[in-house]
Amino acid sequence: MDVITEELIRALKRNTTEDQNTVDLLMSIIPLGKEAAYRRLRGEIPFTLDEAVNICRKMNVSLDLLIGVKHDNTYAFHLGAVFTEDPMAEYCRMMREVTDGIEYIKKDPACFLYMAYKALPQEFLFKYQLLGKVYLYILLYQLYPQSVPKEFSKVQIPNEVHVLQKKAITAVHRVNSVLIFDKHIFTDFVEIVKYFQSMEMISNDETALIKKELHMMLNDMEKCAISGLSLYGKKLDIYISHISFDCTYTYMSGAGYEAGAIGLYCVDFLSCDNPVVCENHKRWIKSLIRFSTLISVSGELQRNEYFYYQRSIVDML
């Protein structure tokens, strides 16, 4: 089986929902009979160029990247949503893609997520609409200053964004996970809010609401740390890193699929499902555990000290 056919089959299987099968999905994209579709999915017949283009367009996969995925020391990364004419629409597409990916690996009881956060953890952050808006506001204001209102209150985030964010975090909380927090995640966020408040871009009333939501988020995090369980009862190990790292790293694995991602531009990410990259990405994240303290279930003293200190930082707002 050639590389492109193999990657296209993987993309089709990854995007097959629970209420459909891959053959039907393929037949909905290109006009094929059932037997012809089965033969392509078994790798007996390669996809034509037109078929590959249609599949890539439907699956949001780059054909250019597929062509280069096996070159020695050359690895394909996919950028999410930022550099488009309609970043919010692309961001929504990206959130659907993330949710679909997690729903796909959930089919495997042994599925797992590793996440090392340089910023506030999204599986807690996105539960709160105002906190989620802060990062989107920074993204839009920095990249589109001429078209985005200066005042935080005037920036309108489509309701679909908040709905999709909550769907994504629900999916994450239903998978066994390891979280590693950079020790400065709350300090950095508070400094961001204080800066925009000093520039009169975020009002005092909005700052007070953000402060309230941060305390509520800390309560959620502490509850999960005490129980060692996510908000939906899945195993959750939380570590606090004693060293700072450069960006947010995530890795997910399950149902024969794995992917690694690097966070950037506040809410976007670079992702890759190349096995070599994924293995080293996972190894890098797990190596951070050596420099971290476990605060979930055990480590009560360190846990209490951590959350006490984070609350004192939030109270600076």
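The values are calculated or read from the model by the stated rules, or taken from the named source; none is laboratory data. Note that this is a predicted model, so its numbers are computed, not measured. Here the Cβ positions follow ideal geometry from the backbone for every residue, glycine too, while neighbour counts run over all protein chains shown. Surface areas here come from the heavy atoms of the whole protein model, side chains and all, with no ligands, DNA or RNA. Shrake-Rupley method; radii C 1.70, N 1.55, O 1.52, S 1.80 Å.
Assorted remarks:
- For R14, the accessible area of its heavy atoms, probed at 1.4 Å with every protein chain present, is near 50 square angstrom.
- With every protein chain in place, the stretch 191-277: carbon and sulfur % of accessible area (1.4 Å): 58 percent
- Gyration tensor over alpha-carbon atoms, the stretch 198-276, equivalent ellipsoid semi-axes in Å: 30, 21, 12
- Within the chain, helix-based [θ] at 222 nm, where runs of 4 or more DSSP H residues each add -39,500 (n - 2.57), nearest 500: -16500 deg cm²/dmol
- Take the Cα of D24, step 7 Å toward its Cβ, do the same at R290, and the gap between the two points is 4.9 nm.
- Phi-based couplings in Hz for the stretch 30-47 (Karplus 6.51, -1.76, 1.60; Gly and Pro marked x): 10, x, 10, x, 4, 5, 5, 5, 4, 5, 5, 6, 7, x, 6, 10, x, 6
- Degrees, to the nearest 10: 204-227 long Cα axis against longest axis of the chain: 70 degrees
- Peptides 152-162, 168-178 ranked from most to least packed by the mean count of surrounding Cβ atoms within 10 Å: 168-178, 152-162.
- DSSP bridge orientation in the chain - percent antiparallel, rounded to nearest 5: 70 percent
- The stretch 167-317, accessible area per residue, ligands and nucleic acids excluded (1.4 Å, Å²): 46 Å²
- Per-selection Rg to Rh, the stretch 277-317 - Cα, Kirkwood hydrodynamic radius: 1.19
- For the options L143, L229, L164, a Gaussian network treatment of the chain with springs between C-alpha atoms closer than 10 Å singles out L143 as fluctuating the most.
- Length gained on full extension, Q129 to R57: 22.8 nm, using 0.36 nm per residue less the C-alpha separation.
- Applying 1/(1 + (r/R0)^6) with R0 = 25 Å to the Cβ-Cβ distance of M316 and L264 gives a FRET efficiency near 0.40.
- Extent along the principal axes, Cα only, for the chain: 64, 48, 38 Å, with the longest axis given first.
- Nearest-ten-degree value, helix 3-14 long axis tilted from longest Cα axis of the chain: 60 degrees
- Signed unit charges on C-beta, dipole axis of the stretch 96-203, positive-most listed residue T187, Q165, L136: Q165
- Probe 1.4 Å - accessible area at H215, Å² to nearest ten: 50 Å²
- Against the empirical 2.2 N^0.38 Å (N residues), the stretch 136-200 has a Cα radius of gyration ratio of 1.43.
- Counting only heavy atoms of the protein chains and using a 1.4 Å probe, R96 has close to 100 Å² of accessible surface.
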